[in-house]
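Asker: Before I ask anything, let me first share the structure, which is written out below as structure tokens.
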Amino acid sequence: MNTVQSVFGGQGAEGAQFLSLMTLFTVVTTIIYLLVLAYLALALWRRRRTEHTVESGDHAAEPPPQRTALIGWVALVNTGLIVLTVASFLTDRAMARTASSPALEIEIIGHQWWWDVKYTGADPSQSLETANELHLPVGVPAHITLKSADVIHSFWVPNLAGKQDLIPGRQTDISIKPTRTGLFRSQCAEFCGVQHTHMALDVTVENRADFLRWYRAGLQPAKAPTAPLAKAGYAYVMTRQCAMCHNITGTEAGSHFGPDLTHLASRRSIAAGTLPMNRGNLYGWVADPQANKPGSKMPTLGLEPNELHAVVAYLETLK
Amino acid sequence: MSSPCRASLALAAVALLGGCDREERDSRGQPVTETVPAGATADTIYPGGPSGSTVTLSPKAAAYENNAYHIAQGQQLYGQMNCVGCHAHGGGGMGPALIDDEWRYGGRIEQIATTIVEGRPNGMPSFRGKLTDTQIWELAAYVRAMSGQVRKDAVGARTDEPSNTPPLTQTRREPIVPGEDATP
């Protein structure tokens with residue numbers, strides 16, 4: 001099941017590095033803070049013992065213990081600062097190293113309100129497009145190019161790495177190296193319209209063999225339906241509103257304004273994390289998307305009951 | 001300033017709040033089984049015809065044609081459904097221009113919706129069954145807005161594409177029927 005969406009998970013190399021850096025910063029600054037407060041308390045507590053002032057001219061003649069304490073204090077502050085600087089530098093360098101040798105190239109395009117995910121293979125026949133799901137092999141550095149089709153979105157898998165904005169007309173990127181397998185939730189982290197809340201991305205980190213199995217299955221075109229009801233649904237999807245926006249590889253539906261549906265039924269959720277994937281929710285979603293996600297670009301079609309049964313039967317074959 | 005004067009000013013300011021009426025975003029389209037067109041069909045409108053002046057504006061058309069949300073949605077559909085392919089961004093190409101005041105099949109919103117649903121000879125395809133009724137009304141609302149017939153506060157101030165024409169908010173209002181008053 002889903003792990004808790006948390007920045008303290010450290011299931012990615014970047015997340016873990018930042019977490020240790022933050023821990024170090026917190027420890028060092030806490031020690032200094034407590035020392036400052038302790039000295040302040042001490043100074044308030046102790047009676048003023050000497051009467052010398054700046055005017056008297058003998059302030060330079062500090063007693064040796066105080067001078068030693070002052071030198072020690074300056075040395076301590078400098079050491080702390082040097083430790084923090086070096087730690088920041090090393091973290092930066094480690095992250096740059098992950099980014100410099102990507103083994104997997106992914107492109108993610110943010111739309112209102114869903115994620116278009118493309119795996120750029122070695123050649124076009126190895127390129128895979130999916131939507132609202134991201135599969136990553138564990139221990140493999142992945143380089144993700146981020147684009148936006150409409151407004152500013154932000155890509156954020158809290159358990160794996162920090163945020164990166166998707167900006168219209170520009171290209172940004174982020175590198176992720178997951179270190180533990182699991183199911184994680186990613187959420188758009190920049191308000192992008194009325195359905196910003198329902199713009200989640202299911203992230204699956206799995207071992208290499210599982211990832212390759214998923215990838216090869218994803219490259220396959222959609223199977224032609226065999227059951228009569230699914231065939232009727234296929235006919236509806238191909239000739240009516242659905243094919244105007246959606247792509248189903250291996251069929252005539254080849255539009256890219258809505259999420260790719262080629263392997264829809266194998267995903268964990270519907271409509272960018274709005275609903276869990278199951279038959280009932282498929283019915284609900286196809287029958288009236290605007291009741292489930294008001295403002296979504298998928299219109300309420302007003303399907304007749306027999307058309308609805310057929311379309312859902314076809315969608316369920318898209319494993 | 002005297003205290004009654006100040007009080008009445010405050011009261012007037014409160015009354016002004018009534019002006020902050022938020023536009024309804026009816027994303028669902030009610031009722032679900034609404035039908036296009038209302039009143040006008042392909043048979044009653046033809047080039048050089050009476051330009052559909054007998055058609056009365058339906059309440060549905062009124063709901064779409066000055067609604068900023070629907071016009072903005074129509075603008076997106078205009079690009080996605082490849083209207084640009086023939087009409088360009090309004091200037092026309094293979095298809096006629098949409099930013100001028102000439103309408104072969106009528107420039108009222110029902111007539112534009114009819115044109116989209118039925119298609120027209122010499123290239124305009126029919127979108128019947130390919131788009132929902134709501135989407136067709138939205139598209140018609142945007143096409144109507146392109147010729148500057150729509151209220152300034154309802155149209156987008158910026159286009160989605162690079163453009164060297166003034167924004168819709170600055171476009172001169174074109175009368176639908178020559179001699180008739182343009183929409184205020």
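Asker: Starting at 0 and stepping by 10 Å, how many percent of the alpha carbon pairs of segment A:104-219 end up in each bin?
Answerer: Taking all Cα pairs of segment A:104-219, the binned fractions are 15, 50, 31, 5 percent.
Asker: Ignoring ligands, DNA and RNA, what accessible area per residue does the protein assembly as shown give at 1.4 Å, in Å²?
Answerer: That works out to 54 Å² for each residue.
Asker: Right, here's the next one. Over segment A:171-319, with every protein chain in place, what whole percent of the accessible area is carbon and sulfur at 1.4 Å, could you tell me?
Answerer: Roughly 56 percent, rounded to a whole number.
Asker: Taking the highest mean first, how do the peptides B:159-167, A:226-234 order by number of other beta carbon atoms within 10 angstrom per residue? It would help to have the intermediate numbers written out before the result.
Answerer: Working: B:159-167: 10.7, A:226-234: 16.7.
Top of the packing list down: A:226-234, B:159-167.
Asker: Hey, if you put +1 on the Cβ of every Lys and Arg and -1 on every Asp and Glu Cβ in segment A:219-319, which of A:Leu308, A:Gln241, A:Leu261 ends up farthest toward the positive end of that dipole?
Answerer: Toward the positive end, the furthest listed residue is A:Leu261.
Asker: Pick out the long, greasy-scoring helices in chain A: whole DSSP H runs spanning 15 Å or more along their own axis by Cα, mean Kyte-Doolittle at least -0.5. Walk me through the numbers on the way to the answer.
Answerer: On the way: long enough: A:13-45 (48 Å, 1.75); A:64-100 (54 Å, 0.71); A:208-219 (16 Å, -0.47); A:228-239 (17 Å, 0.51); A:305-316 (17 Å, 0.25).
Qualifying helices, which must be both long enough and hydrophobic enough, are A:13-45, A:64-100, A:208-219, A:228-239, A:305-316.
Asker: Please compute the Kirkwood hydrodynamic radius of segment A:227-319 from all pairs of different C-alpha atoms, in Å with one decimal.
Answerer: On the way: mean 1/r = 0.0764 Å⁻¹.
Kirkwood hydrodynamic radius for segment A:227-319: 13.1 Å.
Asker: A further question on this structure: Report, in debye and to the nearest 20, how large the dipole of the protein assembly as shown comes out about its Cα centre when Lys and Arg carry +1 and Asp and Glu carry -1 on their Cβ.
Answerer: In total the dipole reaches around 1400 debye.
Asker: In what order, largest first, do A:Asp202, B:Asp133 sit by accessible area if the probe radius is 1.4 Å?
Answerer: If we order A:Asp202, B:Asp133 from most to least accessible, we get B:Asp133, A:Asp202.
Asker: Am I reading the B/A interface right? What is its buried accessible area, both sides, 1.4 Å probe, to the nearest 100 Å²?
Answerer: Protein heavy atoms only, the B-A interface buries about 1400 Å².
Asker: Provide the gained length on full extension for the span A:Asp123 to A:Leu84, in nm with one decimal, where the gain is 0.36 nm per separating residue minus the Cα-Cα distance. Spell out each step's value before the answer.
Answerer: On the way: separation 39, 0.36 × 39 = 14.04 nm, distance 4.44 nm.
Length gained between A:Asp123 and A:Leu84: 9.6 nm.
Asker: Please name whichever of A:Ser6, A:Thr85, A:Gly121 sits farthest to the positive end of the charge dipole of the protein assembly as shown, dipole taken about the Cα centre and charges placed at Cβ: Lys and Arg +1, Asp and Glu -1.
Answerer: Positive-most Cα among the choices belongs to A:Thr85.
Asker: Can you tell me the convex hull volume per residue for segment A:208-270, based on C-alpha atoms, in Å³ to the nearest whole number?
Answerer: 102 Å³
Asker: Counting only helical runs of four or more DSSP H residues, what would the 222 nm mean residue ellipticity of chain A come to if each run contributes -39,500 (n - 2.57) and the total is spread over all its residues?
Answerer: For chain A, the value works out to -12500 deg cm²/dmol.
Asker: Another question, if that's okay. Round to the nearest 10 and report in Å² the accessible area of A:Thr179, as given by a 1.4 Å probe over the protein chains' heavy atoms.
Answerer: The value for A:Thr179 is about 70 Å².
Asker: Counting just the Cα atoms, what span does chain A cover along each of its three principal axes? Round to the nearest Å and put the largest first.
Answerer: Principal-axis extents of chain A (Cα, largest first): 103, 40, 37 Å.
The values are calculated or read from the model by the stated rules, or taken from the named source; none is laboratory data. Remember, it's a predicted structure, so these values are computed and weren't measured experimentally. Here Cβ is always computed from backbone atoms with ideal geometry, including for glycine, and neighbour counts include all displayed protein chains. Ligands, DNA and RNA are excluded from the accessible area calculation, which covers all protein heavy atoms including side chains. Shrake-Rupley method; radii C 1.70, N 1.55, O 1.52, S 1.80 Å.
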